[in-house]
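*Asks:* I'd like to ask some things about the structure below.
The values are calculated or read from the model by the stated rules, or taken from the named source; none is laboratory data. Not measured: the values here are computed from a predicted model. Positions of Cβ are generated from backbone atoms using ideal geometry, with glycine treated the same way; all protein chains shown enter the neighbour counts.
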Amino acid sequence: MAVRPEPCQWSLPNPADAESGLDVIAIGADLSVATVFAAYCLGLFPMHLDTGELAWWSPDPRGVLPLDELRVSRSLRSSMRRFTVSVDRDFPGVMRACGDPRRASGWITDEFISTYTQLHRMGWAHSIEVWRDERLVGGLYGVEIGGLFAGESMFHRERDASKVALVALVERLRSCGGSRLLDVQWRTDHLASLGAIELPRPDYLSWLGHALTLPACLGVDP
(Lines give C-alpha, C1' and ligand atoms only; values in the text may rest on other atoms or scores of the structure.)
Protein backbone atom coordinates (compact mmCIF):
# COMPACT_ATOMS: atom_id res chain seq x y z
CA MET A 1 0.00 0.00 0.00
CA ALA A 2 1.29 3.46 -0.89
CA VAL A 3 2.43 5.71 1.95
CA ARG A 4 0.86 9.16 1.77
CA PRO A 5 3.36 12.04 2.04
CA GLU A 6 3.19 14.69 4.73
CA PRO A 7 0.99 17.72 3.98
CA CYS A 8 2.52 20.26 1.61
CA GLN A 9 3.99 23.28 3.37
CA TRP A 10 3.40 25.59 0.41
CA SER A 11 0.27 27.25 -0.89
CA LEU A 12 0.25 25.99 -4.46
CA PRO A 13 -1.91 27.86 -7.00
CA ASN A 14 -4.97 26.29 -8.56
CA PRO A 15 -4.42 26.06 -12.33
CA ALA A 16 -8.17 26.49 -12.83
CA ASP A 17 -7.62 30.14 -11.89
CA ALA A 18 -4.74 30.66 -14.34
CA GLU A 19 -4.90 32.67 -17.53
CA SER A 20 -5.88 30.60 -20.56
CA GLY A 21 -2.90 29.54 -22.65
CA LEU A 22 -0.40 30.22 -19.86
CA ASP A 23 1.82 27.18 -19.24
CA VAL A 24 3.86 28.27 -16.21
CA ILE A 25 1.57 28.79 -13.22
CA ALA A 26 4.08 29.55 -10.47
CA ILE A 27 7.80 29.80 -9.69
CA GLY A 28 9.49 28.74 -6.48
CA ALA A 29 8.69 26.31 -3.65
CA ASP A 30 10.78 23.11 -3.53
CA LEU A 31 11.08 19.57 -4.85
CA SER A 32 10.15 17.82 -1.63
CA VAL A 33 8.00 14.71 -1.91
CA ALA A 34 5.11 16.49 -0.19
CA THR A 35 5.20 19.44 -2.61
CA VAL A 36 5.49 17.33 -5.75
CA PHE A 37 2.68 14.99 -4.66
CA ALA A 38 0.35 17.91 -3.88
CA ALA A 39 1.18 19.50 -7.23
CA TYR A 40 0.16 16.44 -9.25
CA CYS A 41 -3.15 16.30 -7.40
CA LEU A 42 -3.82 19.87 -8.56
CA GLY A 43 -2.76 19.24 -12.16
CA LEU A 44 0.72 20.75 -11.91
CA PHE A 45 4.16 19.29 -12.51
CA PRO A 46 7.67 20.67 -11.81
CA MET A 47 10.36 21.57 -14.31
CA HIS A 48 13.12 24.16 -14.19
CA LEU A 49 13.15 27.18 -16.45
CA ASP A 50 16.20 28.01 -18.57
CA THR A 51 17.12 30.49 -15.83
CA GLY A 52 17.42 27.63 -13.33
CA GLU A 53 14.32 28.62 -11.38
CA LEU A 54 11.91 25.86 -10.37
CA ALA A 55 8.60 26.32 -12.17
CA TRP A 56 5.20 24.65 -11.84
CA TRP A 57 3.58 23.88 -15.17
CA SER A 58 0.03 23.32 -16.36
CA PRO A 59 0.22 23.39 -20.17
CA ASP A 60 -2.84 24.75 -21.93
CA PRO A 61 -3.68 22.82 -24.01
CA ARG A 62 -2.53 19.65 -22.24
CA GLY A 63 -1.30 16.52 -23.96
CA VAL A 64 -3.09 13.31 -23.01
CA LEU A 65 -3.22 9.84 -24.52
CA PRO A 66 -6.71 8.30 -24.38
CA LEU A 67 -6.17 4.61 -23.65
CA ASP A 68 -8.61 3.46 -26.31
CA GLU A 69 -6.95 5.57 -28.99
CA LEU A 70 -3.43 4.16 -28.79
CA ARG A 71 -2.18 3.45 -32.31
CA VAL A 72 0.03 0.38 -32.64
CA SER A 73 1.41 -0.12 -36.13
CA ARG A 74 2.12 -3.51 -37.63
CA SER A 75 5.87 -2.83 -37.46
CA LEU A 76 5.61 -1.91 -33.77
CA ARG A 77 3.71 -5.11 -33.00
CA SER A 78 6.49 -7.01 -34.74
CA SER A 79 9.13 -5.14 -32.70
CA MET A 80 7.34 -6.01 -29.44
CA ARG A 81 8.25 -9.66 -29.91
CA ARG A 82 11.96 -8.83 -29.61
CA PHE A 83 11.71 -7.49 -26.07
CA THR A 84 10.60 -8.42 -22.57
CA VAL A 85 8.84 -5.92 -20.32
CA SER A 86 8.72 -5.46 -16.54
CA VAL A 87 7.16 -3.04 -14.07
CA ASP A 88 9.17 -1.40 -11.25
CA ARG A 89 12.13 -3.72 -11.71
CA ASP A 90 14.68 -0.90 -12.06
CA PHE A 91 13.12 2.49 -11.39
CA PRO A 92 16.44 4.25 -10.65
CA GLY A 93 17.96 2.80 -13.81
CA VAL A 94 15.11 4.13 -15.93
CA MET A 95 15.33 7.59 -14.36
CA ARG A 96 19.09 7.76 -14.84
CA ALA A 97 18.70 6.72 -18.49
CA CYS A 98 16.00 9.37 -19.03
CA GLY A 99 18.27 11.94 -17.36
CA ASP A 100 21.39 11.06 -19.35
CA PRO A 101 23.16 14.43 -19.80
CA ARG A 102 24.00 13.47 -23.39
CA ARG A 103 20.32 13.73 -24.26
CA ALA A 104 18.78 16.99 -25.41
CA SER A 105 17.16 19.27 -22.77
CA GLY A 106 18.63 17.50 -19.73
CA TRP A 107 15.99 18.71 -17.26
CA ILE A 108 16.19 15.63 -14.98
CA THR A 109 18.66 16.69 -12.29
CA ASP A 110 19.99 14.68 -9.37
CA GLU A 111 17.41 16.40 -7.17
CA PHE A 112 14.61 15.19 -9.45
CA ILE A 113 16.01 11.66 -9.33
CA SER A 114 16.15 11.76 -5.53
CA THR A 115 12.57 13.04 -5.13
CA TYR A 116 10.99 10.67 -7.63
CA THR A 117 12.93 7.71 -6.27
CA GLN A 118 11.46 8.53 -2.86
CA LEU A 119 8.00 8.69 -4.44
CA HIS A 120 8.71 5.29 -6.00
CA ARG A 121 9.68 3.80 -2.64
CA MET A 122 6.47 5.20 -1.16
CA GLY A 123 4.40 3.59 -3.93
CA TRP A 124 3.52 6.64 -6.04
CA ALA A 125 6.05 6.56 -8.91
CA HIS A 126 6.47 3.63 -11.28
CA SER A 127 8.62 2.55 -14.17
CA ILE A 128 8.13 0.33 -17.18
CA GLU A 129 11.36 -1.36 -18.27
CA VAL A 130 12.08 -2.87 -21.68
CA TRP A 131 14.80 -5.53 -21.84
CA ARG A 132 16.69 -7.40 -24.51
CA ASP A 133 19.14 -10.13 -23.50
CA GLU A 134 18.95 -8.83 -19.90
CA ARG A 135 20.00 -5.34 -21.01
CA LEU A 136 17.84 -2.34 -20.21
CA VAL A 137 17.17 -0.90 -23.67
CA GLY A 138 14.14 1.30 -23.07
CA GLY A 139 11.54 2.45 -20.60
CA LEU A 140 9.47 5.19 -19.09
CA TYR A 141 8.51 6.46 -15.66
CA GLY A 142 5.77 8.56 -14.13
CA VAL A 143 3.61 9.27 -11.11
CA GLU A 144 0.38 7.38 -10.45
CA ILE A 145 -2.21 8.81 -8.07
CA GLY A 146 -5.52 6.98 -8.30
CA GLY A 147 -6.49 6.82 -11.96
CA LEU A 148 -3.95 9.45 -13.01
CA PHE A 149 -0.70 8.31 -14.57
CA ALA A 150 1.45 11.37 -15.21
CA GLY A 151 4.09 10.27 -17.69
CA GLU A 152 7.35 12.11 -17.10
CA SER A 153 9.95 10.82 -19.53
CA MET A 154 10.93 7.85 -21.69
CA PHE A 155 14.10 6.65 -23.37
CA HIS A 156 15.30 4.05 -25.84
CA ARG A 157 18.63 2.47 -26.69
CA GLU A 158 17.15 0.29 -29.41
CA ARG A 159 14.58 1.17 -32.02
CA ASP A 160 10.97 1.11 -30.79
CA ALA A 161 11.95 0.24 -27.21
CA SER A 162 10.30 3.35 -25.71
CA LYS A 163 7.17 2.73 -27.77
CA VAL A 164 7.05 -0.83 -26.44
CA ALA A 165 7.15 0.59 -22.90
CA LEU A 166 4.24 2.91 -23.69
CA VAL A 167 2.16 0.09 -25.18
CA ALA A 168 2.82 -2.02 -22.08
CA LEU A 169 1.76 0.84 -19.82
CA VAL A 170 -1.46 1.44 -21.75
CA GLU A 171 -2.34 -2.27 -21.72
CA ARG A 172 -1.76 -2.39 -17.95
CA LEU A 173 -3.92 0.68 -17.34
CA ARG A 174 -6.68 -0.61 -19.62
CA SER A 175 -6.80 -3.87 -17.68
CA CYS A 176 -7.73 -1.98 -14.50
CA GLY A 177 -10.80 -0.34 -16.05
CA GLY A 178 -12.30 3.07 -15.43
CA SER A 179 -11.74 6.38 -17.17
CA ARG A 180 -8.04 6.60 -16.43
CA LEU A 181 -6.02 9.65 -17.41
CA LEU A 182 -2.65 9.16 -19.10
CA ASP A 183 -1.06 12.60 -19.00
CA VAL A 184 1.80 13.16 -21.48
CA GLN A 185 2.18 16.91 -20.75
CA TRP A 186 2.56 18.07 -24.37
CA ARG A 187 1.34 16.57 -27.63
CA THR A 188 4.55 16.14 -29.60
CA ASP A 189 4.60 14.82 -33.16
CA HIS A 190 5.99 11.54 -31.83
CA LEU A 191 3.19 11.13 -29.28
CA ALA A 192 0.57 12.29 -31.78
CA SER A 193 1.58 9.43 -34.05
CA LEU A 194 0.68 7.09 -31.18
CA GLY A 195 -2.72 8.69 -30.54
CA ALA A 196 -2.05 11.61 -28.17
CA ILE A 197 -4.48 14.54 -28.30
CA GLU A 198 -4.72 18.01 -26.77
CA LEU A 199 -7.26 19.10 -24.18
CA PRO A 200 -8.10 22.62 -23.00
CA ARG A 201 -7.09 23.07 -19.36
CA PRO A 202 -10.69 23.02 -17.99
CA ASP A 203 -11.36 19.68 -19.71
CA TYR A 204 -8.10 18.25 -18.42
CA LEU A 205 -8.83 19.34 -14.85
CA SER A 206 -12.34 17.87 -15.03
CA TRP A 207 -10.95 14.52 -16.16
CA LEU A 208 -8.27 14.71 -13.47
CA GLY A 209 -10.85 15.24 -10.75
CA HIS A 210 -12.65 12.05 -11.79
CA ALA A 211 -9.45 10.05 -12.27
CA LEU A 212 -8.22 10.81 -8.75
CA THR A 213 -11.27 9.01 -7.34
CA LEU A 214 -10.27 5.70 -8.97
CA PRO A 215 -8.09 3.03 -7.34
CA ALA A 216 -4.47 2.87 -8.46
CA CYS A 217 -3.45 0.27 -11.00
CA LEU A 218 0.31 -0.25 -11.06
CA GLY A 219 2.51 -2.00 -8.55
CA VAL A 220 5.43 -4.36 -8.25
CA ASP A 221 5.58 -6.73 -11.19
CA PRO A 222 4.99 -10.30 -9.92
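*Asks:* In the range 37-67, what count of residues is obtained for those that are touching a residue at least 40 places away in the same chain (Cβ under 8 Å) and of a type in the set (Asp, Glu)?
*Replies:* Selection size over the range 37-67: 1.
*Asks:* Oh, and also: Identify all residues within the range 39-56 that are under 21 Å from Trp124 (Cα atoms) and either assigned by TED's automatic domain parsing to the domain that holds Glu152 or part of a loop (DSSP other than H, G, I, E, B) (or both); write none if there are none.
*Replies:* Gly43, Leu44
*Asks:* On the given criteria, is Leu119 free of Cβ contacts under 8 Å to residues at least 60 places away in the same chain, assigned to a helix (DSSP H, G or I) and surrounded by 21 or more Cβ atoms within 10 Å (Cβ to Cβ)? Spell out how you get there, then give the answer.
*Replies:* Numbers: free of Cβ contacts under 8 Å to residues at least 60 places away in the same chain: no; assigned to a helix (DSSP H, G or I): yes; surrounded by 21 or more Cβ atoms within 10 Å (Cβ to Cβ): yes.
Taking the combined requirement at face value, the residue does not satisfy it.
*Asks:* If you go through the range 206-218 one residue at a time, do you hit one that is touching a strand residue (DSSP E or B) at 6+ places or on another chain (Cβ under 7 Å), buried (at least 20 other Cβ atoms within 10 Å of the Cβ), farther than 23 Å from Asn14 by Cα and without any contact (Cβ under 8 Å) to a residue 40 or more places away in the chain?
*Replies:* no
*Asks:* Hey, another quick one. Would you tally the residues in the range 1-35 being touching a residue at least 40 places away in the same chain (Cβ under 8 Å) and either of a type in the set (Val, Ile, Thr) or part of a helix (DSSP H, G or I) (or both)?
*Replies:* 4
*Asks:* Considering only residues that are touching a residue at least 12 places away in the same chain (Cβ under 8 Å) and either assigned to a helix (DSSP H, G or I) or within 30 Å of Ala18 (Cα to Cα) (or both), which ones fall in the range 76-97? Working first, answer last.
*Replies:* Residues of the range 76-97 touching a residue at least 12 places away in the same chain (Cβ under 8 Å): 76, 79-80, 82-97.
Residues satisfying the conditions are Leu76, Ser79, Met80, Phe91, Pro92, Gly93, Val94, Met95, Arg96, Ala97.
Listed here are the residues, each with its yes/no results for (1) loosely packed, with under 15 Cβ neighbours inside 10 Å; (2) over 27 Å from Glu198 (Cα atoms); (3) within 19 Å of the chain's Cα centre (by Cα).
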{"residue": "Ala26", "(1), (2), (3)": "no, no, no"}
{"residue": "Gly43", "(1), (2), (3)": "no, no, yes"}
{"residue": "Pro46", "(1), (2), (3)": "no, no, yes"}
{"residue": "Leu65", "(1), (2), (3)": "no, no, yes"}
{"residue": "Ser73", "(1), (2), (3)": "yes, no, no"}
{"residue": "Val85", "(1), (2), (3)": "no, yes, yes"}
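*Asks:* Please find, within the range 87-116, the residue that is surrounded by the fewest Cβ atoms within 10 Å (Cβ to Cβ) out of those that are basic (Lys, Arg) and more than 23 Å from Leu31 (Cα to Cα).
*Replies:* As a first pass, look at the range 87-116 and keep what is basic (Lys, Arg): 89, 96, 102-103.
Going one step further and asking which of them are more than 23 Å from Leu31 (Cα to Cα), we end up with 89, 102.
Details: Arg89: 16, Arg102: 5.
Among residues in the range 87-116 that are basic (Lys, Arg) and more than 23 Å from Leu31 (Cα to Cα), the one surrounded by the fewest Cβ atoms within 10 Å (Cβ to Cβ) is Arg102.
*Asks:* Would it be correct to say that Asp183 is at positive phi and either at pLDDT below 95 or not β-branched (Val, Ile, Thr) (or both)? Don't jump to the end; show me each part of the working.
*Replies:* Working: at positive phi: no; either at pLDDT below 95 or not β-branched (Val, Ile, Thr) (or both): yes.
Criteria not met by Asp183.
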